[in-house]
1. Does residue 359 meet the test of being over 30 Å from residue 452 (Cβ atoms) and more than 16 Å from the ligand (Cβ to nearest atom)?
2. Quick check on my filter: what residues within the range 182-209 are without any contact (Cβ under 8 Å) to a residue 40 or more places away in the chain and closer than 22 Å to residue 31 by Cβ?
3. Give just the number: which of (1) at pLDDT 95 or above; (2) touching a strand residue (DSSP E or B) at 6+ places or on another chain (Cβ under 9 Å) does residue 283 not satisfy?
4. In this structure, does residue 482 turn out to be over 25 Å from the mean Cα position of the chain (by Cα) and either loosely packed, with under 14 Cβ neighbours inside 10 Å or part of a helix (DSSP H, G or I) (or both)?
5. Scan the range 262-273 and report the pairs whose first residue is assigned to a helix (DSSP H, G or I) and whose second residue is within 6 Å of the ligand (Cβ to nearest atom) and modelled with pLDDT of 95 or more, with Cβ atoms within less than 6 Å and a gap of 6+ or a chain change.
6. Applying the selection to the range 312-370, what residues are over 26 Å from residue 201 (Cβ atoms) and not in a helix (DSSP H, G or I)?
7. Note down all Cβ pairs under 6 Å where the first residue falls in the range 350-374 and is at negative phi, the second is loosely packed, with under 12 Cβ neighbours inside 10 Å and outside any helix (DSSP H, G or I), and they're at least six residues apart or on different chains.
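The values are calculated or read from the model by the stated rules, or taken from the named source; none is laboratory data. If you're wondering where the values come from, they're calculated on a predicted model, not measured in any experiment. So basically every Cβ, Gly included, is an ideal-geometry build from the backbone, and we count neighbours across all protein chains shown.
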Ligand SMILES: *Cc1c(COP(=O)(O)O)cnc(C)c1O
């Protein structure tokens, strides 16, 4: 598998790169992204072959069929991390919630959010490439809450990799902050910023683009990389679970092989949905991908109106913060796939210049042939949480956004697979508020009241966080981030 660039080649970057190269330097010519030059057609034979397969067998076959330049032993080592999920025999359970609505639970990994699905194996893959090249990498991460814990967990004590993780102090939930600041390993540095997520994110972008910072790293023989969600090393692991979830429905006799389904995805940066799109392109029987958003509904408007419009838009803080995004980076890969290089470059330049681009009627129709969308506000989301709970299903506010898209966009023709991207433990104050009406609870109080209402235990790994020693004390002004990182190195 080789990769080409969404905005074409500038003569400075190589014309085509391998999977490892796309991972190590994810930004392509003109600020574009790397995309597979071609995707294989898997056909129904591939699906039938894996009807009885374990998640890891399916994953291994898919990754080797795609032909990535990673040793098979490393792929196996990476996939073995799914053995640490709650149920090693099935890391991604698919659960019936309504007659034609099934929830695929992507949060059974070590940090209780779907970021583990990709970041767990990605950590092994990246560290092994670094070792093979005898290079050392600094991975920068900026997080609003879920990427940080998952990145720290996966790179902890890995050879040839160090991580500096920036989070907005006071801008994450208690559980998310504790997951980061209790991580204790010599190759990890967690830095709280006095500011919001945008401050953390712009600091990261500035460092990634800074030649002086890179020169200082070079003196220490360290190269710079990022573990953000445009990295294809993460996307590739997000194709697998869409195929797995489909096969689960066949195994549960909910659908027959070949029958189409809706995939219903709570979306922010569009990595999860993109994985579904690639699975569909490779032959997974998908009628449409439903894109669920919160009040930051730029994707809903793109798909329903054909216009990506950021004019006058500001990020609205919501009860599903992992989806509080206006610049949804992976959409560019779909634009490329549907409209080609020239048009993608043009549209992205328009967005940069005018903060808006408009598709032609034909382009809009092509987009709608694959996607439908709706958004769910916080009040509606809480109502879905309450209703699902009454029916015996406990879910988080991100998952709840899918229920609205399902109700308004799924027709009765197909079953829907909705994706659950976080465990209830990560967003407990919102859920407690939805279930019992209690307001402004701290995480620990909310966790206890939900556990009581649901007659379940708080998972030990979450409860344990509240008694763990704080290993990462640094909270600083955003002006001194670079200095702090260099001190750590
Ligand atoms: C990251 C995240 C999302 C958004 O996923 P994208 O791939 O960025 O669209 C949704 N829900 C949760 C809980 C997340 O952590």
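1. yes
2. Residues satisfying the conditions are 202, 205, 206, 209.
3. Among (1) at pLDDT 95 or above; (2) touching a strand residue (DSSP E or B) at 6+ places or on another chain (Cβ under 9 Å), the lone unmet condition for residue 283 is (2).
4. Taking the combined requirement at face value, the residue satisfies it.
5. 273/267
6. 358, 359, 360
7. Listed by first residue and then by second, the contacts come to 356/311.
For every residue, the table says whether it meets (1) closer than 24 Å to residue 248 by Cβ; (2) within 9 Å of the ligand (Cβ to nearest atom); (3) buried (at least 18 other Cβ atoms within 10 Å of the Cβ).
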residue: 267; (1), (2), (3): yes, yes, yes
residue: 294; (1), (2), (3): no, no, yes
residue: 301; (1), (2), (3): no, no, no
residue: 313; (1), (2), (3): no, no, no
residue: 329; (1), (2), (3): no, yes, no
